[in-house]
Amino acid sequence: MSLPKTTDSWVIHSTETSGGFNNVKLEKGRPLPALGEHDCLVQIQAVSLNYRDLVIPKGLYPLPLNLPVVACSDGAGRVLAVGPKVTQFEKGDKVATLFTQAHQAGPITAEMTATTLGGAVDGTLTQYAVFPESGLVRAPSNLTPTETGTLTCAPLTAWNALYGLESKALRPGQVVLTQGTGGVSLAAIQFAKAAGATVIATTSSAEKAKRLEKLGADVVINYKEDPNWGETAKRLSPGKAGVDFVIEVGGPGTMEQSLKAVKMEGIIAVIGFLGGPKAENEPSPLAALGAGCIIRGILIGSKAQMNAMNRAIEANNIRPLVDEKTFSFENALEAYEYQWQQKQFGKVVIQLPGAGV
């Protein structure tokens, strides 16, 4: 069988706010780059969406982009061919993509951020792609490609939030507070429970509360019914001391409550800004002093962290949560709209051939 020379790809051409998701166009027959000595040719089998993927074409993403660019960062696939100096993979291996291709281990640098998939360099919403072997990790053996395709951002971000500061790494018996039912929060619940931690989760509906309890959350607070959920979480923590980790996905609008919930010397891991980039009640940076906590921005994670996470996924047979509704490659923009309307519970996945095996 001859190797493909071209690929169909969804490409972001513009971030004009008037265009929205129509700024992402399906291009057929795009030439594939030549396979370098340290490169792998990968057949993409599954791609999952992140909030970042939605806000880029809507012109709401605050970081630099390099347009036009193939969309999305999360991907799973199988290796079709390797360059002559590749040592980590061979033909047939199942792999997942690394979000920041140059971030191998240790602290991230500004230079590394110029290698982020789906923004700075071509991403995963394509039939075939060429990646350096350093930009791939081996897929967990217990997962399907559809499940593996969710790992690049959300679970790795959750893993970094809980284990990225080695001196403050999550320990059994500690308390983790999660917000909502997005991919990072759901993964954080799974990792926390596997580590023997207690989880307090927030959500907006009784239906979602039941699903969070089924996933393992020990306490669920409906933030619409209890606007002071941060104080409630602290009161429900052991000794009313507060939570050790807050998985902060809301941004400025939820930070006030996160500061009320966190324990002295605890960590608020800032993941995103689902509640918007500004809020009337946005706390001052000095609020961290008053709370005696660490506020830490999370920029996904390194290859070393992703490999460690995948070992934990295998050892504990953790299965990422995938939304019950999946989408075909041709209907990718329907997936964008579905997630934008917040209809999902778990990761929204776009499937290509071979996604289920």
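The values are calculated or read from the model by the stated rules, or taken from the named source; none is laboratory data. The structure presented is a predicted model; accordingly, all values stated were derived computationally and were not measured. FYI the Cβ positions are ideal-geometry reconstructions off the backbone, even for glycines, and counts take in every protein chain you see.
Does residue 305 count as touching a residue at least 24 places away in the same chain (Cβ under 8 Å), in a helix (DSSP H, G or I) and not assigned by TED's automatic domain parsing to the domain that holds residue 48? Considered against the rule, which asks whether it is touching a residue at least 24 places away in the same chain (Cβ under 8 Å), in a helix (DSSP H, G or I) and not assigned by TED's automatic domain parsing to the domain that holds residue 48, residue 305 comes out as yes. Of the numbered criteria (1) in a helix (DSSP H, G or I); (2) under 16 Å from the mean Cα position of the chain (by Cα), the one residue 350 fails is (1).
Residue 166 fulfils the conditions (1) in the same structural domain as residue 324 (by TED's automatic domain parsing); (2) at pLDDT below 95 except for a single criterion, (1).
Between 3, 41, 65, the distinction of being in a loop (DSSP other than H, G, I, E, B), surrounded by 14 or more Cβ atoms within 10 Å (Cβ to Cβ), in contact (Cβ under 8 Å) with a residue 40 or more places away in the chain and not basic (Lys, Arg) belongs to 65 only. Only a single item in (1) assigned to a helix (DSSP H, G or I); (2) at pLDDT below 95; (3) in contact with a Pro (Cβ under 8 Å, 6 or more places away or on another chain) is not met by residue 282, and it is number (1). Evaluate the range 13-30: report whether one residue or more is within 23 Å of residue 93 (Cα to Cα) and either touching a residue at least 60 places away in the same chain (Cβ under 8 Å) or part of a loop (DSSP other than H, G, I, E, B) (or both). No: the range 13-30 contains no residue that is within 23 Å of residue 93 (Cα to Cα) and either touching a residue at least 60 places away in the same chain (Cβ under 8 Å) or part of a loop (DSSP other than H, G, I, E, B) (or both).
Scanning the range 109-143 for residues that are over 26 Å from residue 330 (Cα atoms) and either surrounded by fewer than 15 Cβ atoms within 10 Å (Cβ to Cβ) or touching a Phe, Trp or Tyr at 6+ places or on another chain (Cβ under 8 Å) (or both) yields 109, 110, 111, 133, 138, 141. Starting from residues that are surrounded by fewer than 17 Cβ atoms within 10 Å (Cβ to Cβ) and of a type outside the set (Gly, Ala, Ser), keep the ones in the range 320-339 and report whichever is nearest to residue 193 (Cα to Cα). Checking each candidate, the answer is 324.
Taking the range 193-205 as the range and being out of contact with any Gly (no Cβ under 8 Å at 6 or more places or on another chain) and at pLDDT 95 or above as the test, the residues that pass are 194, 195, 200, 201. The residue that is modelled with the highest pLDDT, counting only those in the range 324-357 that are small (Gly, Ala, Ser) and touching an Asp or Glu at 6+ places or on another chain (Cβ under 9 Å), is 328. Could you tell me whether residue 260 is assigned to a helix (DSSP H, G or I), at pLDDT 95 or above and out of contact with any Pro (no Cβ under 6 Å at 6 or more places or on another chain)? So residue 260 fits the description; yes. Residue pairs whose Cβ atoms lie under 7 Å apart, separated by 6 or more positions or on different chains, with the first residue in the range 239-259 and closer than 11 Å to residue 269 by Cα and crowded, with 23+ Cβ neighbours inside 10 Å and the second among the basic types (Lys, Arg) and at pLDDT 95 or above, are 244/263.
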